[in-house]
Amino acid sequence: KGLFEDKLKDKEIVSPEPYRLNAYFNQKANLVQAFDMLINDLQEVPDPKPFNLDINKVDQLYGYNTVTQIKAQLGKTKTVVFQPFGSGVQKDGDIIIDPSGRSFEVRDIIKIVDELSKHYAVILMTDIDIPVNRQMHAAVPKANILQWMGIIHASDYFLGCDSMGQHYAHALDKPSTVVIGATFPENITYPYNKDFT
């Protein structure tokens, strides 16, 4: 109540759009840098800044318990969180497509899980059922976005596409491999992070 009169009426409202910033669409700035440039009216691309995420105790405990249980069930000592799909993925029956070109193909997901599961407990970060006619050797916990932060925090490694998981992994100092499709690493990931491939 009173938001407009008390806070907004005498203010300028800024609507930064990084996708229209020259430094962004020419792969000279990532999203964080682009927002920084637009909000703070910077002419030069600022140095990358580290950022951290604080995980509340409930989600830390959820992640720890989930990862511990999955390692015991799969008989492995190390875990890899694998996020195969970006937010634009669509499923129609047994067909999964990503018009943005960021997600892994189903056949590749199956091959990757088969290889990784020989040595690691694989945790699939997805709420989409992967159409496969045999048992996949991976766990698929039902978790919300904060619980996924706890799971990534408790895991040993992250593998994924250009989507939410990689940002969690970066902020949580988790070693990672990020597969870039139809996007540029300079814009959407962290090529300066020594723990990122």
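Listed values for region 11-28 are Karplus-derived 3J(HN,Hα) couplings in whole Hz (6.51 cos²θ - 1.76 cosθ + 1.60, θ = phi - 60°), namely 10, 8, 9, 9, 10, x, 10, x, 5, 9, 7, 3, 4, 6, 6, 9, 6, 9, and x replaces Gly and Pro.
Which of the trypsin sites (Lys or Arg not before Pro) found in region 41-135 are in a DSSP loop and have at most 15 neighbouring Cβ atoms, other than their own, within 10 Å? Intermediate results must be reported in sequence, preceding the final value.
On the way: sites: Lys57, Lys71, Lys76, Lys78, Lys91, Arg102, Arg107, Lys111, Lys118, Arg134; in loops: Lys76, Lys78, Arg102, Lys118, Arg134.
Sparse-neighbourhood loop trypsin sites (Lys or Arg not before Pro): Lys78, Lys118, Arg134.
Of Lys91/Lys142; Lys57/Lys78; Lys76/Lys194; Lys118/Lys174; Lys49/Lys194; Lys76/Lys174, which sit over 24 Å apart, Cα to Cα? With Cα atoms farther than 24 Å apart: Lys76/Lys194.
Between the DSSP loop rule and a limit of at most 13 other Cβ atoms within 10 Å, which chymotrypsin sites (Phe, Trp or Tyr not before Pro) in region 4-52 are left?
Phe51
Note on the chain: with charges restricted to the Cβ of Lys and Arg (+1) and Asp and Glu (-1), its dipole about the Cα centre is near 660 debye. Taken per residue, the accessible surface of the chain reaches 61 Å², heavy atoms only and a 1.4 Å probe.
Note that region 155-170 has calculated 3J(HN,Hα) couplings of 8, 8, 7, 10, 10, x, 8, 6, 7, 4, x, 5, 6, 4, 4, 4 Hz, one per residue in order, obtained from phi through the Karplus relation 6.51 cos²θ - 1.76 cosθ + 1.60 (θ = phi - 60°); glycine and proline are x. In percent, how large is the relative contact order of the chain, given Cα pairs closer than 8 Å and 6 or more residues apart? Contact order relative to length: 23 percent. Here's the picture: charge each Lys and Arg Cβ at +1 and each Asp and Glu Cβ at -1 in the chain, and of Ile55, Val179, Val132 the one pushed furthest to the positive end of that dipole is Val132.
Loop sites by DSSP among the GluC sites (Glu not before Pro) of the chain, restricted to those with at most 15 other Cβ atoms within 10 angstrom, leave 106-197 as the longest stretch without any of them. Within straight-line reach of Lys9, meaning a Cα separation under 22 Å, sit the following lysines at least 8 residues removed in sequence or on another chain: Lys1.
The values are calculated or read from the model by the stated rules, or taken from the named source; none is laboratory data. Bear in mind the structure is a predicted one, so any value in this text is a computation, not a measurement. Because the Cβ atoms are built from the backbone with ideal geometry, glycine has one as well, and the counts that use them run over all protein chains shown. Note: accessible area is taken over every heavy atom of the protein model, side chains too, but ligands, DNA and RNA are not part of it. Shrake-Rupley method; radii C 1.70, N 1.55, O 1.52, S 1.80 Å.
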